[in-house]
1. Regarding Met14, is this residue out of contact with any helix residue (DSSP H, G or I) (no Cβ under 7 Å at 6 or more places or on another chain), surrounded by 16 or more Cβ atoms within 10 Å (Cβ to Cβ) and touching a residue at least 12 places away in the same chain (Cβ under 8 Å)?
2. Which of the residues that make up segment 236-246 are of a type in the set (S, T, N, Q) and either touching a residue at least 24 places away in the same chain (Cβ under 8 Å) or surrounded by fewer than 10 Cβ atoms within 10 Å (Cβ to Cβ) (or both)?
3. Among the residues of segment 25-75, what is the count of those that are closer than 25 Å to Phe102 by Cα, loosely packed, with under 15 Cβ neighbours inside 10 Å and among the basic types (Lys, Arg)?
4. Counting only residues that are touching a residue at least 40 places away in the same chain (Cβ under 8 Å) and among the acidic types (Asp, Glu), which one in segment 134-162 is nearest to Leu68 (Cα to Cα)?
5. Give the residue, chosen from Ala38, Ala67, Ala88, that is aliphatic (A, V, I, L, M) and touching a residue at least 24 places away in the same chain (Cβ under 8 Å).
6. Is it true that His165 is touching a strand residue (DSSP E or B) at 6+ places or on another chain (Cβ under 6 Å), under 30 Å from Leu188 (Cα atoms), in contact (Cβ under 8 Å) with a residue 12 or more places away in the chain and not in a loop (DSSP other than H, G, I, E, B)?
7. Return a yes/no flag: does segment 240-258 have any residue that is touching a helix residue (DSSP H, G or I) at 6+ places or on another chain (Cβ under 6 Å) and closer than 30 Å to Pro113 by Cβ.
Amino acid sequence: MQLSEYQNRFKDLMLDHPDVLDAPPEDLAAFCKSGDIALPTRLKVYRNNIVGSLTDMLKATFPITQALVGEKFFETMARSFILQNPPAKGVLSHYGEGMDEFIASYTPAKPLPYLTDIAAYEISKNHSYHAADDAPLTAAQLAVIPPEELQDMQITLRAHVFLIHSKYPLTSIEEFCMENDADKALDLDQGGEHLMVFRRNLDVEVAVIGQGEFEFLQQISNGASLGEAMEQVLSEFADFNIQDVLQKHLVLETFRAL
C-alpha cells in the first residue's frame with residue numbers, strides 16, 4: 001500500500017462511525033502497532049484527539065453561536081459537522097466554512113432560525129481577520145482620475161471587507177451573548193441589519209450601514225462601475241449621497257488601491 005493511500009484511508013477511518021474502530025480493516029491494522037494497549041482503544045484515543053482539536057477550533061471561530069446554544073449542544077453539533085465536513089486543506093485558519101449551511105439543515109437547531117445568520121456573520125469575521133493584506137484606495141489616487149472617466153471606473157473592495165445582511169439584529173445578539181446578563185432580555189423584533197465587516201489595525205470591526213450604502217457596496221463588489229452602481233442605488237434610494245459615502249469609505253479604507 002502506498003503511503004498516500006494509507007494516509008487517505010486512515011483519515012477516512014478516523015472520521016467514520018466510532019464503531020468501525022472496533023474492527024479496523026486488516027490491511028490498515030497491519031501498519032499499526034498496538035503495544036500494551038489494544039489497537040481499537042489506541043485508535044479511538046487518536047480519533048477523540050482529532051475531533052476534539054477540531055471542535056476546539058470551531059469553538060474559537062463561533063463563540064456567539066456557542067453562547068446561544070450552550071457548550072454541550074455546540075460540541076454535539078460541531079462533531080456532526082466535522083464528520084460530514086472534514087478539513088480539506090492543511091491550513092485550518094478558515095476551517096468552519098459552510099457551518100452556516102450545515103446549521104440550516106441541522107434539525108436540533110431549527111428552533112433558532114437566526115443561528116444560520118449568526119454563523120455566517122462569524123465566518124465573515126474569521127475570513128476578515130485572516131484575509132491577505134492589500135493597499136487602500138486614497139483620495140489622492142481618485143483626484144488624478146479625469147472627471148469624465150469616473151463613471152466608467154471600476155473599484156473593488158479590499159480582501160478583508162465583507163458585507164452581511166440579516167433580518168435579525170446580529171450585533172444586538174452578539175452584544176447580548178458577550179454581556180452574559182441573565183436579567184437582560186433580547187429583542188429579536190427590533191429589525192434586521194446591513195453590516196460591513198472589515199479589519200483595521202489588525203482588529204476586526206463591524207459597522208452598521210444604511211440599506212442604500214449597503215446596496216452601493218454590493219454593486220461595487222459584484223463588479224459594477226461607479227456609474228452603474230450609482231444609477232442602480234439612486235433608482236431605489238433617491239436621497240442617496242454618493243459624495244458622503246465615498247468620503248466615508250475612503251476614510252475607512254474600504255476600497256482597494258488602483
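1. No, not satisfied.
2. Gln243
3. 1
4. Among those residues, the one meeting the criterion is Asp134.
5. Ala67
6. yes
7. No, every residue in segment 240-258 fails to be touching a helix residue (DSSP H, G or I) at 6+ places or on another chain (Cβ under 6 Å) and closer than 30 Å to Pro113 by Cβ.
Residue-by-condition table, conditions (1) modelled with pLDDT under 95; (2) farther than 27 Å from Ala139 by Cα; (3) surrounded by 13 or more Cβ atoms within 10 Å (Cβ to Cβ); (4) basic (Lys, Arg):
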site	(1), (2), (3), (4)
Thr171	no, yes, yes, no
Arg199	no, no, yes, yes
Ile209	no, no, yes, no
Glu228	no, no, yes, no
Phe255	no, no, yes, no
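The values are calculated or read from the model by the stated rules, or taken from the named source; none is laboratory data. The structure displayed is predicted, hence computed values, not measured ones. Neighbour counts are summed over all protein chains in view; Cβ atoms, including those assigned to glycine, are modelled from backbone coordinates with ideal geometry.
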